[in-house]
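Peer 1: Sending over a structure as structure tokens; questions will come in a sec.
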Amino acid sequence: MTVPSSPSRPANIAVLASGGGSNLQSLLGHFAGPAAASARIAWVGSDREDAGALQRAARAGVPHGLVHAPLDGAAMCAQLQALEVDVVVLAGYLKLVPPEVVRAYHGRMLNIHPALLPSFGGPGMWGPRIHAAVLAHGARVTGATVHFVDEEFDRGPIVAQWPVPVLMADTVESLAARVLSVEHALYPPCVEAVATGALRLDANGRVVGRVGLAAAEKSGAVRFAVAQSSGPTSHELGAVFGPSFPQQP
Ligand code: GRF
């Protein structure tokens with residue numbers, strides 16, 4: 001089971017989600033456009049019957065269902081392989097993925113986290129708790145991180161990050177909303193890059209390749225660092241924060 005480099009069919013992406021599924025929605029939109037030639041959302045899975053993501057999949061006419069045994073690695077691998085899944089995308093999936101599945105999809109499973117990892121991640125760091133912790137620590141910058149998945153929550157190699165300034169007047173809700181809108185622009189091009197083989201893990205577990213970010217950069221006012229870049233220059237940082245960077249009163 002590999003991601004085909006010149007595929008005879010579009011790569012099959014499974015999106016796993018436990019919650020509302022707004023990231024799923026952005027992925028459905030992305031892969032309904034030109035990216036459909038190289039990959040498609042083939043299945044949406046959840047550990048929760050009441051996940052809004054399953055309703056979104058139903059509305060979009062995408063096959064969907066429950067992950068039969070989320071804690072049983074062999075069963076989960078069998079379910080994904082029966083669906084001919086090439087790439088697994090976690091989008092608000094709250095269960096730890098069993099090690100057998102992590103191994104089977106090494107370099108082909110992504111997660112998005114609403115903070116700048118390795119800060120504010122790990123077990124128990126999900127949803128509003130993350131943004132509450134960012135505010136409680138007085139962090140001035142947070143953001144979104146896309147990373148390959150390994151055996152621990154929020155730990156695998158980082159693919160891309162997008163910084164988001166923390167404003168003085170922010171609440172958990174306002175910060176969550178600002179980060180979420182960034183997630184929607186950041187995740188689809190990263191998923192496309194993995195699905196097409198443009199981005200992968202090398203034999204040493206390092207991220208190699210490129211994410212096509214032109215559309216994401218055009219759609220937003222910010223730039224961000226991706227793996228393999230040597231980091232932002234001061235000019236690029238100016239482009240990141242620009243006039244939207246909060247002036248402290
Ligand atoms: C997102 O903030 C994502 O980063 C995190 O869970 C949330 C899911 O939101 N892993 P949604 O269900 O995609 O709206």
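Peer 1: In whole Hz and in residue order, list the ³J(HN,Hα) couplings for region 131-142 that follow from phi through the Karplus curve 6.51 cos²θ - 1.76 cosθ + 1.60, θ = phi - 60°; x for Gly and Pro.
Peer 2: Ordered by residue, 3J(HN,Hα) equals 5, 5, 5, 4, 5, 5, 7, x, 4, 9, 9, 10 Hz.
Peer 1: Report, in debye and to the nearest 20, how large the dipole of region 77-225 comes out about its Cα centre when Lys and Arg carry +1 and Asp and Glu carry -1 on their Cβ. Numbers along the way, then the final one.
Peer 2: Values: 12 positive and 13 negative charges, 65 e Å.
For this selection, approximately 320 debye.
Peer 1: Any idea what the dipole of region 11-105 comes to, in debye rounded to 20, about its Cα centre with Lys/Arg Cβ at +1 and Asp/Glu Cβ at -1?
Peer 2: The dipole magnitude comes to about 240 debye.
FYI, it's all coordinate maths here, none of it is from the lab. Here the structure is a predicted model, which means the values were calculated and not measured. We place every Cβ from the backbone using ideal geometry, glycine too, and count neighbours over all the protein chains shown.
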